[in-house]
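A short worksheet on the structure shown next.
The values are calculated or read from the model by the stated rules, or taken from the named source; none is laboratory data. On a predicted model such as this, the values are computed, not experimentally measured, just so you know. Glycine also receives a Cβ, built like all others from the backbone with ideal geometry; neighbour counts cover every protein chain displayed. Note: areas computed on protein heavy atoms with side chains; ligands, DNA, RNA excluded. Shrake-Rupley method; radii C 1.70, N 1.55, O 1.52, S 1.80 Å.
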Amino acid sequence: MYRYRVLRKCLPIKTWSGPTVQWSRPKTALVEETAHSAFNKEAPETRRPFEEIPGPKLWPIVGCFPNYLANDFKPEQYHKMWQRRFEEYGKESKLVAERVLHRQWVNVYSPATAKQVFAQEGEYPKRPQMSLYYLRKEHLGHLGVALENGERWKKGRSLWNRKVLRPQSAEDFIPRLNDVVEDFVEHIRQLAAGGPREVNGQQLMPGEVPNLLTEIMKSALEMMGTIALSRRLGGIRPGVDLDLDAHRFMTENALLWPHSTKLDMSAFQLFRYFPSKTYEAMKGHWLNMCAITAKLMEEYNDSMKDTLESEEFTGDSAPDVYSYFLAKNTPAKELLGHMQDLLQVSMDTTSNSTNLLLYCIASNPRVQEKLYEEVSEVLQGGRVTANNLKDLRYLKCCVKESSRMFMTIPGTSRILDHDIALNGYNVPKGTYINLCFQTMCRDPDIFEEPHEYRPERWLDVRKAPDMAFSHLPFGFGPRSCVGRRLVDQEMYIILANLVSKFRIENLCDSEPDLKWIGINLTASEPLRLAFHER
Ligand code: HEM
């Protein structure tokens, strides 16, 4: 069992020598049925051709690239392009088609059409790759759950499902999350203390917390540290500085994403064929993150040596995700990838979603008071538990509504291995299908007064199935977000604790503008919130 000391030596391996996995979709009953009857009603010859789907003008070879140039496209504004395309071409058809060189894609803007896509994705759903794919392929062999496909994806995914997604596994982590959040509340109290003041050249209002997103990020990393490695990484514990490795991990991560965004959004994706400066820069940061993750794993191995080597140690007794994966004999480099994903993904996504959630609460005092009443009544000054979470109905609606207003991952994509009929048009196999949930979430045909933060709209979703299928912040189906239960729990516990201790005040002048960095959207300007003791 204890054989991972060599981990760091494995890292500089240059070439991927593992088997090449071809993705293939087995014919399941659902796929058979949906592909040929329920949704693909139109026989292939009666479908309208893909070229007739509305969209920007396509030029020979370069496709709609000139349109992006004319619109002064910026990679960090990609999500706004989805909205713009909808307004210009997609209001009627709910579909917009585009092409650059050999890559063609279609944007989907209706919940019914999104449902058709999911119903036909089969047992091994596939989504387009991002630039990190090439790094992982070169250095780790295994691409991790988010990027791997076929049987290898399924094997890794079932490990995550059992230790991270299963309701009981997620609930087991609640006490640890409470520990972290209580420290976080104390941390916020200290940062918010004092009247108007200047911190690092920034003029702060009473109760205002400087660099709030960074502080939330530290707490997200701290939460994942306890879940993944049973380890506190510091930074939000009174008197305990952020662990040096965790600090470096955060820094490298912040430096990596702008490069990957640039590569992922580049029209011609030349980095796939020729090394570029941007690719090399991304690689440097990513390798540093690998080295830090490997060090954290080795430290775990050293401190838990006796437990890991004992005969009694099994997956069932594993206290955290890392030891569970070890118990399941996960190969070293694959395990390294999984650990890095856990720490990196959770830090970015959870913190940005929490940041925007707090903005929604702060800017809606009526909601905040109603929430405070519910939390006080249900918790009675105690901790959040799996049991009392069931009664925090309004709190859950608040979290849901904030992800509707500000979906930090604005949609997801699929590539099907067969032609599909969407809204009467033929979409050939291999076309990238973008499911634009963020645009649907602000569509007045689906959501009444979509620009208003109204958690009540979620109190009875059975009345509005279209709403439910437009709001999929974690995607859908076997490839949906595997961390979704953990994230929800984290956000519920943070919100319940903060609202019961503080009245949160919004100091921003306007609704936040969002930009795309790496794997999610983040507020373009720091959100200014003040925390006043209740
Ligand atoms: C607010 C936070 C988060 C949001 C909004 C989010 C959203 C998403 C979305 C939209 C997808 C794609 C789903 C699809 O294609 O159907 C996804 C996939 C994934 N997420 Fe999350 N996520 C969050 C946090 C996390 C966390 C904390 C973890 C780790 C514990 C995580 C791990 C993953 C993984 C591994 C995948 C790939 C799953 C697969 O391909 O099988 N996510 N997430």
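Could you go through region 365-377 in sequence order and give the Karplus-derived ³J(HN,Hα) for each residue, using 6.51 cos²θ - 1.76 cosθ + 1.60 with θ = phi - 60°, rounded to whole Hz, and x for Gly and Pro?
So the Karplus estimates, Gly and Pro as x, are x, 4, 4, 4, 5, 4, 5, 4, 4, 4, 4, 5, 5 Hz.
If you wrap a convex hull around the Cα atoms of region 45-185, how much volume per residue is inside, in Å³?
Details: hull volume 31.5 nm³, N = 141.
Convex hull of Cα atoms, per residue: 223 Å³.
Grab the other residues whose beta carbon is less than 10 angstrom from that of P128, score K and R as +1, D and E as -1, and report the net. Mind dumping the intermediate values first?
On the way: positive: R103, K126, R127, R414; negative: D264.
Neighbour charge sum, excluding P128 itself: +3.
What is the set of long-range amide H partners of N364 at a cut-off below 5 Å, with H atoms built 1.01 Å from backbone N?
Amide H neighbours of N364: none.
Mind ordering 471-478, 508-515 by average Cβ neighbours within 10 Å, highest first?
Working: 471-478: 19.9, 508-515: 14.1.
Highest mean packing first, the order is 471-478, 508-515.
Tell me which aspartates and glutamates have Cα within less than 14 Å of K91's Cα, excluding those fewer than 8 residues away on the same chain?
Hits, sequence-local ones excluded: D443, D445.
Could you calculate the FRET efficiency of K154 with Q269 from 1/(1 + (r/R0)^6), where r is the beta carbon distance between them and R0 is 22 Å, rounded to 0.05? Provide the component values of the computation, followed by the final result.
Values: r = 27 Å, r/R0 = 1.23.
Working from the Cβ atoms, E equals 0.20.
Treating each Cα of the chain as an identical point scatterer and ignoring solvent, apply the Debye formula and state log10 I(q)/I(0) at q = 0.06, 0.07, 0.11 Å⁻¹.
With one equal scatterer per Cα and no solvent, log10 I(q)/I(0) is -0.30, -0.41, -1.06.
Hey, what number do you get for the chain at 222 nm if only DSSP H runs of n ≥ 4 count, each worth -39500 (n - 2.57), divided across all residues, to the nearest 500?
Values: 22 runs with 250 residues, N = 534.
Rounded to the nearest 500, the figure is -14500 deg cm²/dmol.
Provide the gained length on full extension for the span E51 to R248, in nm with one decimal, where the gain is 0.36 nm per separating residue minus the Cα-Cα distance. Walk me through the intermediate numbers first.
Working: separation 197, 0.36 × 197 = 70.92 nm, distance 4.85 nm.
Gain in length upon complete extension: 66.1 nm.
For region 174-190, take each phi angle, set θ = phi - 60°, evaluate the Karplus expression 6.51 cos²θ - 1.76 cosθ + 1.60, and give the result in whole Hz per residue in order, putting x for glycine and proline.
4, x, 5, 5, 4, 4, 5, 5, 4, 5, 5, 4, 5, 4, 4, 4, 5
Let me check I've understood the local charge: for E449, count other residues with C-beta under 11 angstrom from its C-beta, Lys and Arg +1, Asp and Glu -1. What total comes out?
Details: positive: R442, R454, R457; negative: E448, E452.
Charge balance in the 11 Å sphere: +1.
About the Cα centre of region 318-446, how large is the charge dipole given +1 on each Lys and Arg Cβ and -1 on each Asp and Glu Cβ? Please answer in debye to the nearest 20.
Values: 13 positive and 14 negative charges, 16 e Å.
That gives region 318-446 a dipole magnitude of about 80 debye.
Dividing the alpha-carbon Rg of region 358-480 by 2.2 N^0.38 Å yields what?
Values: Rg = 17.8 Å, N = 123, 2.2 N^0.38 = 13.7 Å.
Cα Rg divided by the expected 2.2 N^0.38 Å: 1.30.
Send over a whole-number figure in Å² for the accessible area per residue of the chain, probe 1.4 Å.
Working: 23170 Å² over 534 residues.
In whole numbers, the chain has 43 Å² accessible per residue.
In terms of Cα to Cα distance under 12 Å, which aspartates and glutamates are near enough to K218, apart from those fewer than 8 places away along the same chain?
D183, D241, D243, D348
Would you please give the FRET efficiency between V240 and E511, computed as 1/(1 + (r/R0)^6) with r the Cβ-Cβ distance and R0 = 56 Å, to the nearest 0.05?
Numbers: r = 36 Å, r/R0 = 0.64.
The value I calculate is 0.95.
With r as the distance between the Cβ atoms of E525 and N329 and R0 = 45 Å, compute the FRET efficiency 1/(1 + (r/R0)^6) and round to 0.05. Numbers along the way, then the final one.
Numbers: r = 47 Å, r/R0 = 1.05.
It comes out at approximately 0.45.
Cut-off under 12 Å on the C-alpha distance; same-chain residues fewer than 8 positions from K137 excluded. Which aspartates and glutamates are left, in chain and number order?
Correct list for K137: E148, E334.
Can you run phi through the Karplus equation (6.51, -1.76, 1.60; θ = phi - 60°) for region 314-324 and list ³J(HN,Hα) in whole Hz, with x for Gly and Pro?
9, x, 5, 8, 5, x, 8, 5, 4, 5, 5
For region 98-255, calculate the relative contact order in percent as a whole number, restricting contacts to Cα pairs under 8 Å that are 6 or more residues apart.
This gives 12 percent for region 98-255.
Starting from the amide H of G234, placed 1.01 Å from N in the peptide plane, find each other amide H under 5 Å away whose residue is 5 or more places distant or on another chain.
Result for G234 returns D243.
Under 5 Å between amide H atoms, partner at least 5 residues away or on a different chain: which partners does V209 have, H built in plane at 1.01 Å?
L529, F531
Let me have the relative contact order for region 46-107, percent, based on Cα pairs under 8 Å that are six or more residues apart. Kindly include the intermediate steps, with their values, before the conclusion.
Values: 64 pairs, mean separation 26.7, N = 62.
Value for region 46-107: 43 percent.
Do the alpha carbons of any pairs in K370/K396; K262/K295; K115/K429; K74/K126; K154/K295; K163/K501 sit beyond 24 Å of each other, and which pairs?
On the way: K370/K396 13 Å; K262/K295 29 Å; K115/K429 17 Å; K74/K126 27 Å; K154/K295 28 Å; K163/K501 32 Å.
Over 24 Å Cα-Cα: K262/K295; K74/K126; K154/K295; K163/K501.
What ranking do 309-322, 118-131 get when scored by the average of other Cβ atoms within 10 Å per residue, highest first? Working shown, then result.
Numbers: 309-322: 14.4, 118-131: 19.4.
Ranking, from highest mean packing down: 118-131, 309-322.
Have a look at L308, N288, A327 and report the one farthest towards the positive end of the charge dipole of region 210-327, computed about the Cα centre with Cβ charges (Lys/Arg +1, Asp/Glu -1).
Ranked along the dipole, the leading option is N288.
Run the simple label-point estimate for D302 and N387 please: 7 Å along Cα→C-beta, distance reported in nm.
For the pair D302/N387, the computed spacing is 4.2 nm.
Let me have the relative contact order for the chain, percent, based on Cα pairs under 8 Å that are six or more residues apart.
23 percent
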